Amino acid sequence: MKDHYDIVIIGSGMAGLVAANIMAREGKSVCVLEKNNQYGGNLQTFVRERTIFDTGVHYLGGLSKGQNLYRYFNYLNILDGLEFKQLNKDGFDLITFDDDENEYPHAQGYENFAKSLTEYFPEEEDAIRSYCKKLREICDEFPLYNLEVGKPYQNNAEIFQQTAKTYLESLTQNEKLRSVLAGSNLLYAGEPDKTPVYVHALSCNSYIESAYRCADGGSQITKLLIRRLKENGGEAYKHQEVIDFTCVDKKIKSVTTKAGDVIKGDLFISNIEPKTTLKMVGIEHFRKSYNSRIQDLESTVSAFSIHIVLKPKSFPYLNKNYYHFKDAARVWKAHEYNQKSWPETYMLSMGVRKNQNEWGDQLTAITYMHYDEVAQWEDTFNTVANKNDRGQTYKQFKEAKTEIFLNELEKKFPNIRECIQSVYTSTPLSYRDYIGCNRGSMYGYVKDVNNPLLSFVSPRTKIPNLYFTGQSLNMHGILGVTISGVVTCSEILGGEYLVNKILATENENMQAS
């Protein structure tokens, strides 16, 4: 490790690694510091009984040639080493309900999407096609979403001040169709009175364009980004938890790690949660109003997940995801559960191997869980790098929740219990400890139509050489945080310069092929 770097990046989530690669390619000396045993944030994987599970990235959108994530990955030079499997084109997501035997498909390709849903709602074809058109129009308002020069977001009041729920209500009177169109809203923890229509559009559009799973886990993306970073002269270090920032004359001079290393730099990019960053730097270095604004931001709800290792040749591999609800009328309110109604919704997804056969070897089911349910254990911390036992009551809590969750899965998949070899769980505390998100938040901060400007966190902080990056800035998900890394670097290098550099690289690669 050197004494001094041009760029020091704290946290190796996707946005941090994208920013690290961009700056290293610009000839800057770059150092990435990661507290965990693995790089990658939500791209981390874990192994149970020789079975690979993804921590947070269960599928990716926009990865077909010429689409937005493909183009970003192409620029980052990681496409050639990645292994993906495309999900079912006629139904990559299926929306289902307790009281309805139909499985409503979200299909890939807008024409296919419209055609597939029209088969279930023949009288609603105009509404479905209008919906498809609207999503694309909204996405066109965001230049970096389309690799174009322009501000990260525009001033179209409608898309920032209209909720997704209100838009769908204006589209059709058919309540079941509304629920089906909103059915994958666990992707962004949608709330009826807050979530803007643009969040729905940006989250859903890239999957409708194309949907893929990472074969053998999303950590392959991390490994390639680290490899490319090192090829460009950058450095990355695990087990280097930053515990302190040294701020002198309103500038960050260095960070100190738990291992006792002091790393100096010119610019610092924090890929850890902004609230945590400010506390680590010291709130006295920021204006009271700025600190209050960041600390008052509402975090999205957290999750409870069960990770099932399946018995060999017991459960067919499903090349699609399920979003299931007990009640179609509760699609926007499933996070407002009580102990009797939990879980009101879940997403079920399966991992895929490079040489996948007809049988699955694992599946993950995710549902909402409020942090308050595990708050009594919040003083405990448990990661691979820092093993701690949260105690018997926590274990009993997880076992009870798992049993309730399995009962719900059994309604949709009647034979699932006989297919189970073992079950592992993740709670809001797991996400807090491994990902570093506030109160185990799934997707950073709530985007709220009632105060749209408050929902945006600038990559620039009130300390001139300290920047933010990650899902808290604009959007979550692999595409969202990739763009976040670009947004942060745009503030340093210049937005027009960086986008033109990406486009030039894209043209060079096309000519070479």
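The values are calculated or read from the model by the stated rules, or taken from the named source; none is laboratory data. Remember, it's a predicted structure, so these values are computed and weren't measured experimentally. Glycine also receives a Cβ, built like all others from the backbone with ideal geometry; neighbour counts cover every protein chain displayed. Please note that ligands, DNA and RNA were not included when accessible areas were found on the heavy atoms of the full protein model with its side chains. Shrake-Rupley method; radii C 1.70, N 1.55, O 1.52, S 1.80 Å.
For the range 294-303, the criterion of a residue being open to solvent by 70 Å² or more (accessible area, probe 1.4 Å) and touching a residue at least 12 places away in the same chain (Cβ under 8 Å) is satisfied by at least one position. Being within 26 Å of Gly218 (Cα to Cα) and among the hydrophobic types (A, V, I, L, M, F, W, C) is the filter; apply it to the range 475-497 and report the residue that is modelled with the lowest pLDDT. Selected residue: Met475. The test for being over 24 Å from the mean Cα position of the chain (by Cα) and among the polar types (S, T, N, Q) does not hold for Asn205. Of everything in the range 462-504 that is of a type in the set (S, T, N, Q) and over 26 Å from the mean Cα position of the chain (by Cα), the residue that is most open to solvent (accessible area, probe 1.4 Å) is Asn500.
Checking each residue in the range 307-333 for being within 26 Å of Gln108 (Cα to Cα) and among the hydrophobic types (A, V, I, L, M, F, W, C) picks out Phe315, Leu318, Phe325, Ala328, Ala329, Val331, Trp332. Condition check for Leu429 on (1) open to solvent by less than 20 Å² (accessible area, probe 1.4 Å); (2) in a helix (DSSP H, G or I); (3) under 18 Å from Leu267 (Cα atoms): one failure, at (3). The set of residues in the range 4-61 being among the charged types (D, E, K, R) and either in contact with a strand residue (DSSP E or B) (Cβ under 6 Å, 6 or more places away or on another chain) or buried (at least 20 other Cβ atoms within 10 Å of the Cβ) (or both) consists of Asp6, Arg25, Lys28, Glu34, Lys35, Arg48, Glu49, Asp54. For the range 187-216, which positions are under 15 Å from His324 (Cα atoms) and either free of Cβ contacts under 8 Å to residues at least 60 places away in the same chain or surrounded by fewer than 22 Cβ atoms within 10 Å (Cβ to Cβ) (or both)? Correct list: empty. For Lys447, state whether it is open to solvent by less than 30 Å² (accessible area, probe 1.4 Å), assigned to a loop (DSSP other than H, G, I, E, B) and basic (Lys, Arg). Against the criterion (open to solvent by less than 30 Å² (accessible area, probe 1.4 Å), assigned to a loop (DSSP other than H, G, I, E, B) and basic (Lys, Arg)), Lys447 qualifies. Considering the conditions (1) over 16 Å from Ile306 (Cα atoms); (2) of a type in the set (Lys, Arg); (3) out of contact with any Leu (no Cβ under 9 Å at 6 or more places or on another chain); (4) open to solvent by less than 70 Å² (accessible area, probe 1.4 Å), Lys398 is excluded by exactly one of them, (1). Does Arg417 satisfy the condition of being open to solvent by 30 Å² or more (accessible area, probe 1.4 Å), more than 30 Å from Phe315 (Cα to Cα), among the basic types (Lys, Arg) and not in a loop (DSSP other than H, G, I, E, B)? No: the conditions fail for Arg417.
Yes or no, residue by residue, for (1) part of a strand (DSSP E or B); (2) more than 26 Å from Asn415 (Cβ to Cβ); (3) modelled with pLDDT of 95 or more:
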| position | (1), (2), (3) |
| --- | --- |
| Ala329 | no, yes, yes |
| Ala334 | no, no, yes |
| Trp342 | no, no, yes |
| Tyr346 | yes, no, yes |
| Gln356 | no, no, no |
| Thr364 | yes, no, yes |
| Thr367 | yes, no, yes |
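Summed over the range 262-274, the residues that are open to solvent by 20 Å² or more (accessible area, probe 1.4 Å) and modelled with pLDDT of 95 or more give a count of 5.
Residues that are within 18 Å of Tyr323 (Cα to Cα), among the β-branched types (Val, Ile, Thr), modelled with pLDDT under 95 and out of contact with any Asp or Glu (no Cβ under 6 Å at 6 or more places or on another chain): does the range 57-72 have at least one? Yes.
Is it the case that Gln173 is within 27 Å of Asp327 (Cα to Cα), of a type outside the set (Phe, Trp, Tyr) and modelled with pLDDT under 95?
Spelling it out, it is not the case that Gln173 is within 27 Å of Asp327 (Cα to Cα), of a type outside the set (Phe, Trp, Tyr) and modelled with pLDDT under 95.
Scanning the range 105-150 for residues that are modelled with pLDDT of 95 or more and small (Gly, Ala, Ser) yields Ala107, Gly109, Ala114, Ser116, Ala127, Ser130.
For the range 62-88, a residue qualifies if it is surrounded by 15 or more Cβ atoms within 10 Å (Cβ to Cβ) and basic (Lys, Arg), and the qualifying residues are Arg71, Lys85. Residues in the range 128-150 that are open to solvent by less than 60 Å² (accessible area, probe 1.4 Å) and closer than 15 Å to His106 by Cα were compared, and the one that is nearest to the chain's Cα centre (by Cα) is Leu135.
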